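J.: Sharing a structure here in C-alpha cells format.
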Amino acid sequence: MRATLIAVTFLVIGLANPAVAQWKPDRPVEIVAPSGPGGTTDRTARVVARILTNHKLVDVPVNVVNKPGGSGTLGLTYINQHPGDGHYIVIATTGSISNHIMGLIPYNHNDFTSLAMLFDEYLAVAVKADSPLKSGTDLVSRLKASPDAVSFGISTSIGGANHTTLMVCLRAAGIDIKRLKTAVFPGGAASTLALLGGHVDAINTAPGNMSEHVKAGKLRTLAVSSPKRLGGAFSTVPTWREQGVPADASSWRGLMGPKGMSAAQIAYWDKVFAALVKTEDWKKDLVDNFWDEGYADSRGAKKRLDEEYAEYKAILTELGAAKPAPR
C-alpha cells in the first residue's frame with residue numbers, strides 16, 4: 001500500500017510539473033526602456049524585441065515602451081505596478097541599483113525579478129571635431145588645472161553608468177571629481193546632440209551613440225574606458241590606461257521583471273533569452289553596437305546584480321552621493 005501511495009504521489013508530481021512549466025505569454029509583451037528614444041537603453045530594448053519577433057521566439061507581439069524621467073525610476077516604478085506579471089520586462093541598467101544607493105527610490109534590484117544579463121558596454125569621452133582637446137591626456141591636464149573648465153553631458157542620471165564610469169576614470173587621473181561640471185540628459189542620443197549643438201564641451205557615452213558622427217568627422221573620441229581598444233570606428237582611439245590613467249570601467253544591460261514572478265515564468269524567459277543570445281542577429285548586434293558579450297541567466301544575473309550593488313555602493317559612498325533610501 002505504501003509503495004502504491006508513493007508511486008501515485010510521484011505520478012501526480014510528474015503530471016503537475018509539466019503543467020507549471022507550460023506558462024507562456026498570452027497577450028502582448030512590453031519591454032520597457034527607462035529612457036527616451038535613441039540611447040543605449042532604448043536601442044537594447046528594440047534589438048531584443050526585433051530578435052524575439054523575427055525569430056518567433058515568442059508567440060505574441062512584443063512592444064517597446066519608453067518611460068523616461070526620474071533618472072530612470074519611472075520605468076522601474078511602472079514595471080512594479082504589475083507584480084507577478086511575466087508580460088512586463090524592463091531593461092536593467094546601473095540606475096537599477098545606484099538610484100537606491102543614492103536614496104532616490106525606495107527599492108533596489110531585489111525588489112524585482114532578475115531575468116538575464118545581456119552584455120557589458122564600455123564608455124567613451126568625445127568632443128566636437130574643432131575642440132582644442134586632442135586626447136585624454138589633454139583633457140586630464142585641463143581638468144587638473146581647473147576641474148570645472150570642461151562641461152560634460154551624461155545620461156540618464158547622476159550615479160548612472162555614464163556618470164560613474166567617468167568619475168572612476170577621472171578620479172584615477174587625480175582630478176577633484178566633486179568639482180566637475182555635469183549636465184544630465186534623458187538619453188545618450190540627447191547628450192550627443194547637445195555636444196553637437198555646443199551646449200556641453202564633452203560627453204561620456206556609449207560608442208554606438210556617437211559612431212555615425214565620428215565617421216562623419218563631426219566628433220573626436222579622446223579615450224575609451226575599456227581594458228583594450230575597441231574595433232571599427234574606434235580602433236585608433238586609445239584606452240584611458242594607454243594614456244596613463246590606471247582605470248577601466250564598464251556599463252551593462254540586463255533584463256528584469258516585476259517582483260513576484262513565478263518559477264514557471266522565470267523558466268520560460270530563461271529558455272527564450274538563452275535562445276536569443278545564440279542567434280546570429282544578436283551576435284551581429286553586439287559587434288555593430290560595440291557591446292561585449294556577457295550573457296547570464298536569471299540566477300547568474302541575480303549574482304551579478306548583488307556584486308554590482310556592493311561595488312557601486314563603495315564608489316558612490318566615496319563620492320559622497322550615497323544616502324538613505326526613502327520609505
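The values are calculated or read from the model by the stated rules, or taken from the named source; none is laboratory data. Not measured: the values here are computed from a predicted model. We place every Cβ from the backbone using ideal geometry, glycine too, and count neighbours over all the protein chains shown. In case anyone asks, the SASA skips ligands and DNA or RNA and just uses the protein heavy atoms, side chains included. Shrake-Rupley method; radii C 1.70, N 1.55, O 1.52, S 1.80 Å.
J.: Given H placed 1.01 Å from N in the peptide plane, which residues other than close sequence neighbours of SER151 have an amide H under 5 Å from its amide H?
T.: Under 5 Å from the amide H of SER151 lie the amide H atoms of ASP201, ALA202, each far enough along the sequence or on another chain.
J.: Divide by every residue of the chain the summed helix terms, -39500 (n - 2.57) for each DSSP H run of at least 4, and state the resulting mean residue ellipticity at 222 nm, rounded to the nearest 500 deg cm²/dmol.
T.: The helix-only estimate for the chain comes to -12500 deg cm²/dmol at 222 nm.
J.: Strictly over 20 Å apart at the Cα level, which of LYS259/LYS302; LYS128/LYS181; LYS259/LYS283; LYS67/LYS181; LYS271/LYS313; LYS271/LYS302 would you flag in this model?
T.: LYS259/LYS283; LYS67/LYS181; LYS271/LYS313
J.: From the backbone phi of segment 234-247, what are the Karplus-calculated ³J(HN,Hα) couplings (6.51 cos²θ - 1.76 cosθ + 1.60, θ = phi - 60°) in whole Hz, Gly and Pro given as x?
T.: 10, 5, 9, 8, x, 6, 4, 4, 5, 9, x, 9, x, 7
J.: Now for a different question. With every protein chain present, what is the per residue accessible area of the chain (1.4 Å probe, Å²)?
T.: 44 Å²
J.: Send over the per residue convex hull volume for segment 202-327, Cα only, as a whole number of Å³.
T.: Roughly 159 Å³ of hull volume per residue.
J.: Round to a whole number: what % of the accessible area of segment 180-315 belongs to carbon and sulfur, probe 1.4 Å?
T.: Percent of accessible area from carbon and sulfur atoms in segment 180-315: 53.
J.: Starting from the amide H of THR156, placed 1.01 Å from N in the peptide plane, find each other amide H under 5 Å away whose residue is 5 or more places distant or on another chain.
T.: Those qualifying (amide H under 5 Å, at least 5 residues apart or on another chain) are ALA161, ASN162.
J.: Give me, ordered by chain and number, the residues 5 or more places off PHE119 or on other chains with an amide H under 5 Å from its own placed amide H.
T.: Excluding prolines and chain starts, which carry no amide H, the hits are ARG253, GLY294.
J.: Same structure, new question: Using only the alpha carbons of the chain, determine the length spanned along each of the three principal axes and report them from longest to shortest in whole angstroms.
T.: 86, 42, 31
J.: If you don't mind, there's one more thing I want to ask. Starting from the Cα-Cα distance between SER135 and ARG229, subtract it from 0.36 nm times their residue separation and give me the gain in nm to one decimal.
T.: Roughly 32.4 nm would be gained on extension.
J.: Rounded to whole Hz and in sequence order, give me ³J(HN,Hα) for segment 40-52 from the Karplus expression 6.51 cos²θ - 1.76 cosθ + 1.60, θ = phi - 60°, writing x for Gly and Pro.
T.: 5, 4, 5, 5, 4, 4, 6, 5, 4, 4, 5, 5, 4
J.: Roughly how far apart, in whole Å, are the Cα centres of segment 199-259 and segment 109-137?
T.: 6 Å
J.: In nanometres, what is the gap between the two model label sites at ASP176 and ALA267, each 7 Å from Cα along Cα-to-Cβ?
T.: About 5.9 nm separates the two model spin labels.
J.: For THR236, tell me the accessible area in Å² from a 1.4 Å probe, rounded to the nearest 10.
T.: Spelled out: THR236, probe radius 1.4 Å, area about 110 Å².
J.: Report the antiparallel proportion of the DSSP beta bridges in the chain as a percent, rounded to a multiple of 5.
T.: The antiparallel fraction comes to roughly 60 percent.
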